[in-house]
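Below: one structure, written as structure tokens.
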């Protein structure tokens with residue numbers, strides 16, 4: 001799915017050679033400041049690497065239309081963008097960007113409920129907690145049905161029980177629909193639980209690549 005060769009970004013990241021396989025769950029772990037978020041941003045060309053090569057489906061990332069790429073490869077940051085307005089408007093805005101037909105209200109509600117988020121579609125989002133915003137944003141990106149989902153600490157504002165529910169649904173979605181997930185997490189235990197490949201970053205360098213047996 002992605003191939004990186006001699007990729008450098010400032011003094012933050014230096015990746016000699018790395019492959020992210022399609023239809024797998026890859027977890028990126030490492031200390032704060034190790035380059036994890038930068039790594040995700042490079043994969044959907046949110047930032048531009050200074051040297052080296054990143055290929056997506058065997059094509060140089062720099063040769064791809066950026067808008068089209070981000071319709072397939074969607075990045076959800078640790079602090080997601082929630083737009084002023086209602087729950088419905090926030091769920092549909094991603095589909096508008098990806099030029100897909102809006103689903104019926106029932107499908108919107110079902111996706112929220114899978115995220116353990118029980119709100120009305122006409123509720124305003126301005127009073128949502130950090131955890132509710134994370135779950136709403138996750139529901140929004142799954143409704144967009146991306147080829148690749150890039151998640152940056154997607155459960156940082158969730159309690160343990162909600163983490164199990166939310167990540168359980170994300171894993172089911174990835175496996176049932178043959179999608180690709182690359183997720184940054186500070187928790188190696190969480191990476192061991194859900195990842196099929198674990199990549200360790202340290203001071204911008206890849207210091208470990210571990211294959212994990214499918215559970």
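The values are calculated or read from the model by the stated rules, or taken from the named source; none is laboratory data. Just so we're clear, the structure is a prediction, and the values are computed from it rather than from any experiment. Here the Cβ is made from the backbone with ideal geometry for all residues, glycine too, and neighbour counts use every protein chain on show.
Of all residues in segment 149-174, count the ones that are in contact (Cβ under 8 Å) with a residue 60 or more places away in the chain and either in contact with a strand residue (DSSP E or B) (Cβ under 7 Å, 6 or more places away or on another chain) or assigned to a helix (DSSP H, G or I) (or both).
Matching residues across segment 149-174 total 8.
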Among the residues of segment 175-195, which ones are in contact with a helix residue (DSSP H, G or I) (Cβ under 9 Å, 6 or more places away or on another chain), outside any loop (DSSP other than H, G, I, E, B) and buried (at least 18 other Cβ atoms within 10 Å of the Cβ)?
180, 181, 182, 183, 184, 194
Got at least one residue in segment 42-62 being under 15 Å from residue 201 (Cα atoms) and either touching a strand residue (DSSP E or B) at 6+ places or on another chain (Cβ under 7 Å) or free of Cβ contacts under 8 Å to residues at least 40 places away in the same chain (or both)?
yes
Take residue 184 and decide whether it is in contact with a strand residue (DSSP E or B) (Cβ under 7 Å, 6 or more places away or on another chain), free of Cβ contacts under 8 Å to residues at least 40 places away in the same chain and within 24 Å of residue 73 (Cα to Cα).
no
Strands (runs of 3 or more DSSP E) (entirely within segment 4-106) containing at least 1 residues that are over 19 Å from residue 208 (Cα atoms), in contact with a helix residue (DSSP H, G or I) (Cβ under 9 Å, 6 or more places away or on another chain) and at pLDDT 95 or above:
51-56, 73-76
So is residue 198 touching a strand residue (DSSP E or B) at 6+ places or on another chain (Cβ under 9 Å) and surrounded by fewer than 19 Cβ atoms within 10 Å (Cβ to Cβ) or not?
no
Counted residues, segment 97-134 - those being within 26 Å of residue 67 (Cα to Cα) and under 20 Å from the mean Cα position of the chain (by Cα)
8
